[in-house]
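Engineer: Have a look at this one.
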Amino acid sequence: MKQMTEQNLINAFGGESQAHMRYKHFAVQADKENLHNVARLFTAIARAEYIHACDHYGELSHLNEGRVANSMAAFGPGDTKKNLGHAIAGETFEVEEMYPVFLETARFQGEQGAERTFRWAYQTEMVHKRLFEKALESVEQGKDMRLFAVQICPVCGYTQEGEAPDKCPLCDAVKEDFITFAEKLAV
């Protein structure tokens, strides 16, 4: 594998791994603030980030030694409003800077596996950014967000609110395989 694409995969793995853990922590905080749908959103997207990290990691099976990952990550947990700001900043970085460059580099270097995992993550991160922006609007109004079931593709991490598609638009996984983070019924 070409060195630049390899390092980009390592960095993407690091970033997605950190996002996975941050979002899990952010979900706990949202639950403490009785923002249960925001917590469910963080939990669902944490799963998608885990899948992205696994996809990137799988393309690095040729490595036999440790490497350093350089990843943009927001630090300093706080209340849910602050955490959503961190999440939006991270997703914006991935959509506007990181993945477009990683994708073009992989294409240029003919690294098809890396190009595939970068494309899947890039297209999904755009959805994550929009969902977090929707959540922040509600939190800024002092309320929990309205959120239908969140569907996560177990192969590529594709994320969709509502009903799962018959086939994943990114990787063709079937509807029955999607992981559902269901709406909670009011008690």
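The values are calculated or read from the model by the stated rules, or taken from the named source; none is laboratory data. What you see is a predicted model, and the numbers here were worked out from it, not measured in a lab. Note: ideal-geometry Cβ built from the backbone for every residue, glycine included; neighbour counts use all protein chains shown.
Engineer: Please count how many residues of the range 19-59 are buried (at least 22 other Cβ atoms within 10 Å of the Cβ) and among the basic types (Lys, Arg).
Structural biologist: Matching residues across the range 19-59 total 1.
Quick grid of which residues meet (1) assigned to a helix (DSSP H, G or I); (2) farther than 21 Å from Thr117 by Cβ:
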| position | (1), (2) |
| --- | --- |
| Val28 | yes, yes |
| Asn34 | no, yes |
| Ala46 | yes, no |
| Ala73 | no, no |
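Engineer: Across the range 1-50, what is the number of residues that are out of contact with any strand residue (DSSP E or B) (no Cβ under 7 Å at 6 or more places or on another chain), more than 19 Å from Lys184 (Cβ to Cβ) and of a type outside the set (Asp, Glu)?
Structural biologist: Residues meeting the conditions: 22.
Engineer: Same structure, new question: Is it the case that Ala114 is aliphatic (A, V, I, L, M), at pLDDT 95 or above and more than 29 Å from Ala39 (Cα to Cα)?
Structural biologist: yes
Engineer: Looking at this structure, is Gln109 surrounded by fewer than 19 Cβ atoms within 10 Å (Cβ to Cβ), of a type outside the set (Asp, Glu) and under 19 Å from Ser61 (Cα atoms)?
Structural biologist: Answer is yes for this residue.
Engineer: Taking the options Ile51, Ile88, name whichever one is within 21 Å of Asp172 (Cα to Cα), touching a residue at least 24 places away in the same chain (Cβ under 8 Å) and β-branched (Val, Ile, Thr).
Structural biologist: None of the others qualify; the one that does is Ile51.
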